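Here the structure comes first, spelled out in structure tokens, and everything after it is commentary.
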Amino acid sequence: MTIIDGKKVAQDILAEIAGEVEAIKAKGGKTPHLAAILVGNDGGSESYVASKIKACEKVGFKSTLLRFPDYVTEEKLLQAIANLNNDKDVDGFIVQLPLPRQINEHKVIESVLPQKDVDGFHPINVGRMVLNLPCYVSATPYGIVQLLERYHVPTSGKHCVVVGRSHIVGSPMSILMAKNTLLGNCTVTLCHSKTENLKSHTQKADILICALGSPEFVKADMVKEGAVVIDVGTTRVASTETKSGFKLQGDVKFDEVAPKCSFITPVPGGVGPMTIASLLKNTLLAAKKEIYS
Ligand code: NAP
């Protein structure tokens, strides 16, 4: 059994990006610039954005954080997005989700210029992904694909079961794994909360990708011997073991599932760091204008 070290792979990717940034700067090019919009002060969102900014510093990107109170109006937020769309120095930007109730999330996502949508949430980027056209792939699925690639996990002809069908993880993941590309060519089953007898599906998975947000939901009896298990879940649960008073828990009961696996990702240190590395990879692509040329 191999524990997939997402932290190490993410560090490798960040080092590769830093090398490219240095080369761009050495040639007199513009420093890649990622901006982030953060609304309110939800603890999870604060720490995700802080990690993204820190990663920008690490690779030599310029970063800008725009903060708004949780009572911000939709109009004001859309104006800030329009400003970033028009700002020639900003290569890409993200709006950290979730947003407060008075803001229409779809309207916000659709107002981001697809060329700067490094989160890959805009319908144009999603559509281009489905059609196999150059696009920004949503960071978490993109991170998982890179983990499978770097660990040489065979996918062609395998049965991949994805649990969870959200727009940002499960659905794009199922599409990527079914693609007729080098990393893909799986037969995919996409499960969700209405799936009957979920266990009968997960037990048949050569590759099981869990993105439901239910701590330790996947037990050993749900997993086939030798399976590859990717745990996307990150639920903050109370903990006396940490200074912050909480810890992140995955969707998989790691201790009992791991011995049955050929490969497994831990939480933390699996998919999470890859999401940030992939966001920065997308930003570098945006800076190089490689997707929409
Ligand atoms: P989400 O939008 O809440 O979607 C959860 C999905 O799981 C839904 O499709 C839901 O089905 C399905 N589901 C829930 N309970 C289920 C059950 N008992 N059986 C089968 N399916 C079930 O969540 P998300 O945004 O995709 O995130 C999922 C998890 O990944 C969360 O823990 C989140 O924090 C984590 N995450 C981690 C990263 C990272 O970088 N590591 C990034 C993004 C998300 P329905 O559609 O029928 O409701």
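Screening I264, I209 for residues that are within 13 Å of V162 (Cβ to Cβ) and not charged (D, E, K, R) leaves exactly one candidate, I209. Where residues in the stretch 244-267 are touching a helix residue (DSSP H, G or I) at 6+ places or on another chain (Cβ under 9 Å) and at pLDDT below 95, which of them is nearest to the ligand (Cβ to nearest atom)? Of everything passing the filter in the stretch 244-267, L248 is nearest to the ligand (Cβ to nearest atom). Condition check: surrounded by 23 or more Cβ atoms within 10 Å (Cβ to Cβ), assigned to a helix (DSSP H, G or I) and more than 10 Å from the ligand (Cβ to nearest atom). Does T275 satisfy that? So T275 does not fit the description; no.
Scanning the stretch 64-104 for residues that are loosely packed, with under 13 Cβ neighbours inside 10 Å, within 26 Å of L280 (Cβ to Cβ) and charged (D, E, K, R) gives K88, D89.
Being in a strand (DSSP E or B) and either open to solvent by 60 Å² or more (accessible area, probe 1.4 Å) or aromatic (F, W, Y) (or both), is that true of even one residue in the stretch 222-234?
No - not one qualifying residue is present in the stretch 222-234.
Of all the residues in the stretch 24-50, those that are open to solvent by 50 Å² or more (accessible area, probe 1.4 Å) and either among the basic types (K, R) or farther than 19 Å from V108 by Cβ (or both) number 7.
Of the residues H192, H167, the single one that is more than 20 Å from R128 (Cα to Cα), within 9 Å of the ligand (Cβ to nearest atom) and surrounded by fewer than 19 Cβ atoms within 10 Å (Cβ to Cβ) is H192. Is at least one residue of the stretch 58-70 away from the ligand (no atom under 16 Å from the Cβ), in a strand (DSSP E or B) and charged (D, E, K, R)? Scanning the stretch 58-70 turns up at least one residue that is away from the ligand (no atom under 16 Å from the Cβ), in a strand (DSSP E or B) and charged (D, E, K, R).
Scoring E241 on the criteria (1) more than 10 Å from the ligand (Cβ to nearest atom); (2) at pLDDT 95 or above; (3) open to solvent by 40 Å² or more (accessible area, probe 1.4 Å) leaves a single failure, condition (2). The residue that is nearest to the chain's Cα centre (by Cα), counting only those in the stretch 213-238 that are more than 11 Å from the ligand (Cβ to nearest atom) and among the charged types (D, E, K, R), is E216. Among the residues making up the stretch 105-138, a single one is of a type in the set (S, T, N, Q), part of a loop (DSSP other than H, G, I, E, B) and open to solvent by less than 70 Å² (accessible area, probe 1.4 Å): S138. Just one of the listed residues (P141, P100) is outside any helix (DSSP H, G or I) and in contact (Cβ under 8 Å) with a residue 24 or more places away in the chain, namely P100.
The values are calculated or read from the model by the stated rules, or taken from the named source; none is laboratory data. Source: prediction; values computed, not measured. Neighbour counts run over all protein chains shown; Cβ positions are idealised from the backbone, glycine included. For the accessible areas, the whole protein counts, side chains as well, though only heavy atoms, and no ligand, DNA or RNA atoms are used. Shrake-Rupley method; radii C 1.70, N 1.55, O 1.52, S 1.80 Å.
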